[in-house]
Amino acid sequence: VESSIPEPQREAWKKYSATGFKSKDDFQKETVRHIETTLARSLFNCDEKAAYSGTALAFRDRLIIDWNKTQQRQTFADQKRIYYLSLEFLMGRALDNAMLNVGLKTAAKEGLGELGFRIEDVIQQEHDAALGNGGLGRLAACFLDSLASLNYAAWGYGLRYRYGIFKQEIENGYQVEIPDYWLDFNPWEFPRNDVTIDVQFYGWVNKYTDDEGKQITSWQDGEIVTAVAYDVPIPGYGTATVNNLRLWSSKASAGEFDFAKFNSGEYENAVADEQRAETISAVLYPNDNMDRGKELRLKQQYFWCAASLHDIIRRFKKSKRPWKDFPEQVAIQLNDTHPTLAIVELQRILVDLEGIEWNAAWEIVTKTFGYTNHTVLPEALEKWSVPLIQHLLPRHLQIIYDINLYFLQQVERRFPKDRDMLGRVSIIEESQPKTVRMAYLAIIGSHKVNGVAELHSDLIKTTIFKDFVKIYGPDKFTNVTNGITPRRWLHQANPRLSELIASKLGSYEFLKDLTLLNKLENFVDDKDFKKEWAEIKYANKVRLAQHILSATGISVNPKALFDVQVKRIHEYKRQQLNIFGVIHRYLAIKNMSAEERKKLAPRVSIFGGKAAPGYWMAKTIIHLVNKVGDVVNNDKDVGDLLKVVFIPDYNVSKAEIIIPASDISEHISTAGTEASGTSNMKFVLNGGLVIGTLDGANIEITREIGEQNVFLFGNLSEDVEDLRHNHFYGNHQIDPELNKVFDEIKKGTFGDEGAFSSLVSAILDHGDYYLVSDDFNSYCKTQDLIDETYKNQDEWVSKSITSVARMGFFTSDRCINEYADSIWNIEPLQVKEEAEVRSRT
Ligand code: CBF
């Protein structure tokens, strides 16, 4: 690797090279310096926001020194890198994570204290980086943490949205969406104005033979938009590795600004193109598990894929290796089908620009990509209209047709008798208009396809992709069960629990090897330990109760059982089942004698989550939860026995408060619909028990922690099809208790019954697709069992400890190692500084 500084001058350079603080004093010095110089504040006008900014800048400097070294080390090592392409990275806050990962939180806490600030208040000043919708985006963030912590040479590539997921407010019980402009002050990104890539759209394809008789295909004219790189350092835990997340921002290309118009006074028109270009990276589409074929979204996808690929190739070319080595140097993982155009773009670059023969190029492509499927829901499987692609990316459409042609020829040769097979597996769906099935393109263009939990990986093989299993054989399809990073979801979110665990296990090593938690089982009968365990849960509940009071004005009793369902609002996740259960409980309490009431454990039912702005049913569920809360919370006859709370604007930093405070959390999707779920893992790791269906990762959690520690209910995924069929063609029986709930809604107990009629009639009149009526009875009975079990606190705490002890499997570190072994074929790059850094943590 060449240096831009000549040898004789390097000594001076080395002498003054930045080192980064390692002590409290140095941290204070750096923070005050930033407050006084970068921010132009002083001790007379330094508020908490300025203290946050100064602290963040000090830590940013600290990270970037290691970032530089990491990038140099990885370049020198010249080994394979993994590139994780994701349209979503739901990072949350960065400061606390940075402090913990570099092992300097204690120094920062003391240092800030001496400067007159509480670290908790400072941390809270940070705006969440909310560049994601839900599980998929948060998984990407956990993966980045693990990749860095395990010392893999890895880059994330995404879009730098100016507006992340909207902020949710609740007005009169309805969700209201407020734009989330989060970039007013973001110390965690480095604009790289020198790293730009021009991305082409529209235009036409010119095929001709050049003077030397060579066939040339050239994509011409159209519009150019420039991608500008913004780099976000990703620190690993207890290691000097700091990886890179590169986010692209769109801006008009240098040639786009129309000076002629500007000079002639047409200011508005002159800037119109500029604004159009900037729109591409302006906003995150707020749909989770829902495909909404909008042109701008397709533009986003291509813009980001093209910029990322050209960047990757530029890096590869520096190694001066031949193209056939590309898959040995580069592994690209597609987080869902959103980046599938990268497959087509690489083939285009290799064939059209590099002049490589089609088959040789295709071999390079398929060896490079891996595709992760995250859903079997039909409404979430991406399809793009052929005319739209034709218009926006004319050359890519031709390549897609060619990929399809060669693929179908191969299929025809292998299955000459199965004529229908061709139509079933064709990338092009013969609909009106024709569409491109992105999942099929992703499978055909990748060497491995994985699901995200065992059941889900089996389901994709037996349902939506079953023909492809016949074509490619089962080995192309694999499972990598999701995981979560214990650094954020235990150590950061629940520091007291982490400390207690460390005191028993003798160190924080479990944060790097989560299977070490199993030693906690030795303490399951230790009275003092159990007492402390319960006290920590209680303290976390007090903290959540304070948040609920300030966010909603509702006062809840921390001694009550906290029952939590926080996740995106979706019919398949069945928040409607939960709220119908709450109404059922309310009616039951109203009918109870004083004696019976005394025996009942008071409960707080806590909901949170955003509905996609255009998803009417989901918004109706939010409305019903709030209206039920209004009635129940003000019913003096019920008092503390039941409270219903909707926490507005659920996001990563709220999850960090909510999850450690739960007694029971709900993961109650219709069996076979939730690919994995990851919050189920977070709740259990924080000592909460779960009520759940046999769906997604719930199944593996149950296997690991034991059936006696999980409250399971409901129908199995293999029964779903028959039940649905029966709703239409058989006798659809509605549970009498559920009918009572509907009667109460219809009576207007919770306000205008018309407002909720769509929810009720989805079950009574439209086939109850999500099987709420089928599972209602077992759901309510299981809730009764929870009440009973909760009464015996000693047993409850034992279950909680045992469950945490058995959660080792669900770390995202395990997950990343599995991807590295079975899909990417890469090894970590060991770091010398690691031992030194670790000793400070
Ligand atoms: O795999 C991560 C998560 O992805 C989703 O959120 C998604 O957007 N498809 C799934 O719904 C989750 O089950 C899954 O855990």
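The values are calculated or read from the model by the stated rules, or taken from the named source; none is laboratory data. All values reported here derive from a predicted model rather than from experimental measurement. In this analysis, Cβ positions are derived from the backbone assuming ideal geometry, glycine residues included, and neighbour counts consider all displayed protein chains.
Scan (1) buried (at least 22 other Cβ atoms within 10 Å of the Cβ); (2) in a helix (DSSP H, G or I) for the single condition PHE646 breaks and write down its number.
Single failed check for PHE646: (2).
Any idea how many residues of segment 116-170 are outside any loop (DSSP other than H, G, I, E, B) and under 30 Å from ASP47 (Cβ atoms)?
Looking only at that region, the number is 14.
Restricting attention to segment 344-364, does a residue exist that is away from the ligand (no atom under 16 Å from the Cβ) and closer than 30 Å to GLY677 by Cβ? Spell out the reasoning first.
Within segment 344-364, the subset away from the ligand (no atom under 16 Å from the Cβ) is 344-364.
Checking which are closer than 30 Å to GLY677 by Cβ leaves us with none.
Checking segment 344-364: not a single residue is away from the ligand (no atom under 16 Å from the Cβ) and closer than 30 Å to GLY677 by Cβ.
Looking at (1) surrounded by fewer than 23 Cβ atoms within 10 Å (Cβ to Cβ); (2) under 22 Å from the mean Cα position of the chain (by Cα); (3) aliphatic (A, V, I, L, M), which one does LEU641 not meet, given that it meets all the others?
(2)
Looking at segment 749-761 only, could you name the residues that are in contact with a helix residue (DSSP H, G or I) (Cβ under 7 Å, 6 or more places away or on another chain) and outside any loop (DSSP other than H, G, I, E, B)? It would help to see each step written out before you state the result.
Initially, segment 749-761 is screened for residues in contact with a helix residue (DSSP H, G or I) (Cβ under 7 Å, 6 or more places away or on another chain), giving 749-751, 753, 755-756, 758-760.
Answer for segment 749-761, where residues must be in contact with a helix residue (DSSP H, G or I) (Cβ under 7 Å, 6 or more places away or on another chain) and outside any loop (DSSP other than H, G, I, E, B): GLU753, ALA755, PHE756, SER758, LEU759, VAL760.
Just one of ASN715, ASN731 is modelled with pLDDT of 95 or more and either out of contact with any His (no Cβ under 7 Å at 6 or more places or on another chain) or surrounded by 16 or more Cβ atoms within 10 Å (Cβ to Cβ) (or both); which is it?
Just one listed residue meets the conditions, ASN715.
Which condition number does ILE356 fail, the rest of (1) in contact (Cβ under 8 Å) with a residue 40 or more places away in the chain; (2) in contact with a helix residue (DSSP H, G or I) (Cβ under 8 Å, 6 or more places away or on another chain) being met?
Only one criterion in (1) in contact (Cβ under 8 Å) with a residue 40 or more places away in the chain; (2) in contact with a helix residue (DSSP H, G or I) (Cβ under 8 Å, 6 or more places away or on another chain) is unmet by ILE356, namely (1).
Look at segment 101-115 and say how many of its residues are among the aliphatic types (A, V, I, L, M) and either part of a loop (DSSP other than H, G, I, E, B) or in the same structural domain as SER249 (by TED's automatic domain parsing) (or both).
Result for segment 101-115: 1.
Going through TYR208, TYR230, TYR237 one at a time, which residue ends up being in contact (Cβ under 8 Å) with a residue 40 or more places away in the chain and out of contact with any helix residue (DSSP H, G or I) (no Cβ under 9 Å at 6 or more places or on another chain)?
Answer to the selection: TYR230.
Across segment 372-396, which residue is farthest from the chain's Cα centre (by Cα) among those that are within 16 Å of the ligand (Cβ to nearest atom) and β-branched (Val, Ile, Thr)?
It comes out as VAL376.
What number of residues in segment 745-782 are over 23 Å from PHE728 (Cβ atoms) and surrounded by fewer than 18 Cβ atoms within 10 Å (Cβ to Cβ)?
Final tally of qualifying residues: 9.
Output the number of the condition that PHE523 fails; it satisfies all remaining conditions of (1) under 19 Å from ASN680 (Cβ atoms); (2) touching a helix residue (DSSP H, G or I) at 6+ places or on another chain (Cβ under 6 Å).
Failing condition for PHE523: (1).
Residues are listed down the side, and each one gets a yes or a no for (1) part of a helix (DSSP H, G or I); (2) over 18 Å from GLY236 (Cβ atoms):
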site	(1), (2)
LEU43	no, yes
ALA58	yes, yes
LEU63	yes, no
ASP66	yes, no
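Please enumerate the residues belonging to segment 510-553 that are over 14 Å from LEU500 (Cα atoms), small (Gly, Ala, Ser) and in a helix (DSSP H, G or I).
Those that are over 14 Å from LEU500 (Cα atoms), small (Gly, Ala, Ser) and in a helix (DSSP H, G or I): ALA545, SER550, ALA551.
Could you list all residues from segment 288-305 that are without any contact (Cβ under 8 Å) to a residue 60 or more places away in the chain, away from the ligand (no atom under 16 Å from the Cβ) and in a helix (DSSP H, G or I)?
LEU296, the sole residue that qualifies.
Can you tell me which of (1) at pLDDT 95 or above; (2) closer than 20 Å to ASN825 by Cα is the one TYR302 doesn't meet?
(2)
Which of the residues spanning segment 428-445 are farther than 25 Å from GLY672 by Cα and in contact with a helix residue (DSSP H, G or I) (Cβ under 8 Å, 6 or more places away or on another chain)?
ILE428, GLU430, PRO433, LYS434, THR435, VAL436, GLY445
Being more than 16 Å from the ligand (Cβ to nearest atom), in the same structural domain as ILE786 (by TED's automatic domain parsing) and of a type outside the set (Asp, Glu) is the requirement here; does HIS725 meet it?
So HIS725 fits the description; yes.
Please report, ordered by residue number, the helices (runs of 4 or more DSSP H) entirely within segment 650-711 with at least 2 residues that are surrounded by fewer than 22 Cβ atoms within 10 Å (Cβ to Cβ).
652-658, 698-705
Does segment 187-203 include one or more residues that are at pLDDT below 95 and assigned by TED's automatic domain parsing to the domain that holds ALA140?
no
Quick grid of which residues meet (1) without any contact (Cβ under 8 Å) to a residue 24 or more places away in the chain; (2) closer than 30 Å to TRP533 by Cβ:
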position: ASP765; (1), (2): yes, no
position: SER773; (1), (2): no, no
position: PHE776; (1), (2): no, no
position: TRP796; (1), (2): no, yes
position: ALA820; (1), (2): no, no
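Enumerate the helices (runs of 4 or more DSSP H) found wholly within segment 423-499, keeping only those where 2 or more residues are within 16 Å of the ligand (Cβ to nearest atom).
Here the list reads 438-444, 454-462.
Which condition does LYS251 not pass, out of (1) within 16 Å of the ligand (Cβ to nearest atom); (2) at pLDDT 95 or above, if it passes all the others?
Checking LYS251 against (1) within 16 Å of the ligand (Cβ to nearest atom); (2) at pLDDT 95 or above, the one that fails is (1).
Quick one: in segment 819-841, of everything that is assigned to a loop (DSSP other than H, G, I, E, B) and among the charged types (D, E, K, R), which residue is modelled with the lowest pLDDT? I'd like the intermediate steps shown before the answer.
First pass over segment 819-841, keeping only residues assigned to a loop (DSSP other than H, G, I, E, B): 825-833, 841.
So of that shortlist, the ones also among the charged types (D, E, K, R) come out as 827, 832-833.
Details: GLU827: 97, LYS832: 78, GLU833: 64.
Among those that are assigned to a loop (DSSP other than H, G, I, E, B) and among the charged types (D, E, K, R), it is GLU833.
Could you say whether any residue in segment 813-820 is closer than 30 Å to ASN172 by Cα and under 27 Å from the mean Cα position of the chain (by Cα)?
So far as segment 813-820 goes, no, none of its residues is closer than 30 Å to ASN172 by Cα and under 27 Å from the mean Cα position of the chain (by Cα).
Out of PHE407, PHE369, I need the residue that is away from the ligand (no atom under 16 Å from the Cβ), in contact with a Gly (Cβ under 8 Å, 6 or more places away or on another chain) and touching a residue at least 12 places away in the same chain (Cβ under 8 Å). Which one?
Details: PHE407 fails: in contact with a Gly (Cβ under 8 Å, 6 or more places away or on another chain).
Residue meeting the stated conditions: PHE369.
Tell me yes or no: at least one residue of segment 309-322 is within 16 Å of the ligand (Cβ to nearest atom) and either touching a residue at least 12 places away in the same chain (Cβ under 8 Å) or surrounded by 18 or more Cβ atoms within 10 Å (Cβ to Cβ) (or both).
Checking segment 309-322: not a single residue is within 16 Å of the ligand (Cβ to nearest atom) and either touching a residue at least 12 places away in the same chain (Cβ under 8 Å) or surrounded by 18 or more Cβ atoms within 10 Å (Cβ to Cβ) (or both).
From ALA107, ALA141, ALA129, ALA153, which residue is away from the ligand (no atom under 16 Å from the Cβ), modelled with pLDDT of 95 or more and within 13 Å of the chain's Cα centre (by Cα)? Write out each step before concluding.
Working: ALA107 fails: within 13 Å of the chain's Cα centre (by Cα); ALA141 fails: away from the ligand (no atom under 16 Å from the Cβ); ALA153 fails: within 13 Å of the chain's Cα centre (by Cα).
Exactly one of ALA107, ALA141, ALA129, ALA153 is away from the ligand (no atom under 16 Å from the Cβ), modelled with pLDDT of 95 or more and within 13 Å of the chain's Cα centre (by Cα), namely ALA129.
Checking SER778 against (1) within 20 Å of PHE713 (Cβ to Cβ); (2) among the small types (Gly, Ala, Ser); (3) in contact with a helix residue (DSSP H, G or I) (Cβ under 6 Å, 6 or more places away or on another chain): exactly one of these is not met. Which one?
(3)
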